[in-house]
Amino acid sequence: MNPLEVIGHKRDGREHPPGEIQFLIKGYLQGEIPDYQMAAWLMAVCIRGMTAAETLALTQAMVSSGEVLDLSAIQGIKVDKHSTGGVGDKVTLVAAPLAAACGVKVPKLSGRALAHTGGTLDKLESVPGLTVDLDPERFIKQVREVGIAVAAQSPHMVPADKLLYALRDVTATVPSVPLIASSVMSKKIAAGADAIVLDVKFGRGAFMPDVASAEQLAAEMVELGEGAGRRTVALVTAMDNPLGRTVGNALEVQEALDALAGQGDAELLEVCLRVTREMCRLAEVTADPEKVLRSGAGRETFERMLAAQGGHLERGLPVAPVQVAVNAEFSGHVESVDALEIGLAALELGAGRIRKEDRVDPAAGLVIQAPVGAQVRAGDPLAVVHARSHEVVEKVAARIRNAWRLGEREVRRPPHVLARVDRNGVRAGD
């Protein structure tokens, strides 16, 4: 078998047998197949696509390229949760501890901020003293004792995906549904959970532009999970507007704590409760997430998780030295808040990384004062910006103000959960 032949097969639209994909991934990982040949194959995949069998073979090849976490020491059905990323997306910080409070075992490996979307690890690290670098023994022990752990993925897990993603990033081969699906699911499968709930977002603040593309990606990921022996369900959720009222690391942790105390934004709670119900269903747990939320047990579990990972909430979350309101220039009803523009503004404030080596400012971000559906008058605050200096605020104020679209008529806030995808197919969200 030689790489030229394998590349030619995909160029001509032929289906790879599993052995060819294994050969490519193993050869690339070992340095026997150069970047230019792997890039040619990736482009052929982008143009020709992949069958379900090929995508599963690619996923399995990437899983077998590194370590797989053994969670057999944890009793019960272990459920992981993954989001494809959004702006103000603190669903993991609410749904995962709430599910654990319901009795679900939640071993969660998370990522950092990517482009304009926030990262769960960066948010958690805004808690003083908290670590996300847990060795497998400590990770498993915490899930057994607390019910949940959220940690960084080991560099020894799915090394092939890391190499492939870096190459896709510089060869215009990122927007391929089979490649995205196999990248996400290889990491989820290697993380060792028995079942997976996916939150696939679409819209201005997401990586998938519309419902149709999000449903396609969700269906492929569900099929991959089921093909690997993991019960998998996906929810397709809207991300045209930021989720909740805050964007920024410490601000989102505080909003998650408030939500778990029953004081959350209605849209945020809508998504979080749906995700939690799916996690409970897959774990065969009968607790009612709404009752558990009202009891305060979800917040208590979240606080126990933070403490178990070295976090000290009693020291207080970081607070920005400068807090400035950005006010409306006109009166009207808020029709939309552009999630992409808000995410980019938060990035400029320091809530994410523009360059790989950048340090995240845990206190930076903004608090939305006028969500979709609100009525504002000229001079009313649209958002309060949290920043390290007035100069930084001045740089982003216009971008933030322009993210608001105002109209003359009253606006209803649209539903956030648009579809549910499982092994039986796609159906509309309830």
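Details
- Criterion violated by Thr171 - all others in (1) over 26 Å from Glu67 (Cβ atoms); (2) of a type in the set (Ser, Thr, Tyr); (3) surrounded by 24 or more Cβ atoms within 10 Å (Cβ to Cβ) satisfied: (3)
- Every pair of residues 6+ apart whose Cβ atoms lie under 7 Å, when the first sits in the range 106-128 and is in the same structural domain as Ala190 (by TED's automatic domain parsing) and part of a helix (DSSP H, G or I) while the second is buried (at least 22 other Cβ atoms within 10 Å of the Cβ) and at pLDDT below 75: Asp122/Ala113
- Single match in Val271, Val233 (criterion: in the same structural domain as Gly298 (by TED's automatic domain parsing) and not in a helix (DSSP H, G or I)): Val233
- Only residues that are over 18 Å from Leu69 (Cα atoms), surrounded by fewer than 24 Cβ atoms within 10 Å (Cβ to Cβ) and of a type in the set (Lys, Arg) were counted in the range 187-207, giving 1.
- Residue in the range 130-141 that is farther than 30 Å from Pro34 by Cβ, buried (at least 19 other Cβ atoms within 10 Å of the Cβ), outside the structural domain of Leu42 (by TED's automatic domain parsing) and among the β-branched types (Val, Ile, Thr) present: yes
- Test: Val79 is surrounded by 15 or more Cβ atoms within 10 Å (Cβ to Cβ), touching a residue at least 60 places away in the same chain (Cβ under 8 Å) and in a strand (DSSP E or B): yes
- Count - residues of the range 391-424 that are under 24 Å from Gln375 (Cα atoms), modelled with pLDDT of 95 or more and outside any strand (DSSP E or B): 8
- Within the range 203-228, residues that are outside any helix (DSSP H, G or I) reach partners that are aromatic (Phe, Trp, Tyr) with beta carbons closer than 6 Å, at six or more positions or on different chains, in the pairs Met208/Phe202; Asp210/Phe202.
- Hits in the range 154-169 (condition: at pLDDT below 90 and either farther than 17 Å from Asp133 by Cα or among the hydrophobic types (A, V, I, L, M, F, W, C) (or both)): Lys162, Tyr165, Ala166, Arg168, Asp169
- Selected residue [without any contact (Cβ under 8 Å) to a residue 60 or more places away in the chain, surrounded by 18 or more Cβ atoms within 10 Å (Cβ to Cβ) and among the hydrophobic types (A, V, I, L, M, F, W, C)] from Ala57, Ala53, Ala61: Ala57
- Among residues of the range 339-352 that are outside the structural domain of Lys123 (by TED's automatic domain parsing) and more than 19 Å from Phe202 (Cα to Cα), those with a Cβ under 7 angstrom from a residue that is charged (D, E, K, R) and in a helix (DSSP H, G or I), sequence gap 6+ or separate chain, pair up as Ala345/Arg399; Glu348/Lys395.
- In the range 360-384, the residue that is surrounded by the fewest Cβ atoms within 10 Å (Cβ to Cβ) out of those that are over 20 Å from the mean Cα position of the chain (by Cα), assigned to a loop (DSSP other than H, G, I, E, B) and not small (Gly, Ala, Ser) is Arg377.
The values are calculated or read from the model by the stated rules, or taken from the named source; none is laboratory data. Since the model is a prediction, treat every value here as computed from it, not as a measurement. We place every Cβ from the backbone using ideal geometry, glycine too, and count neighbours over all the protein chains shown.
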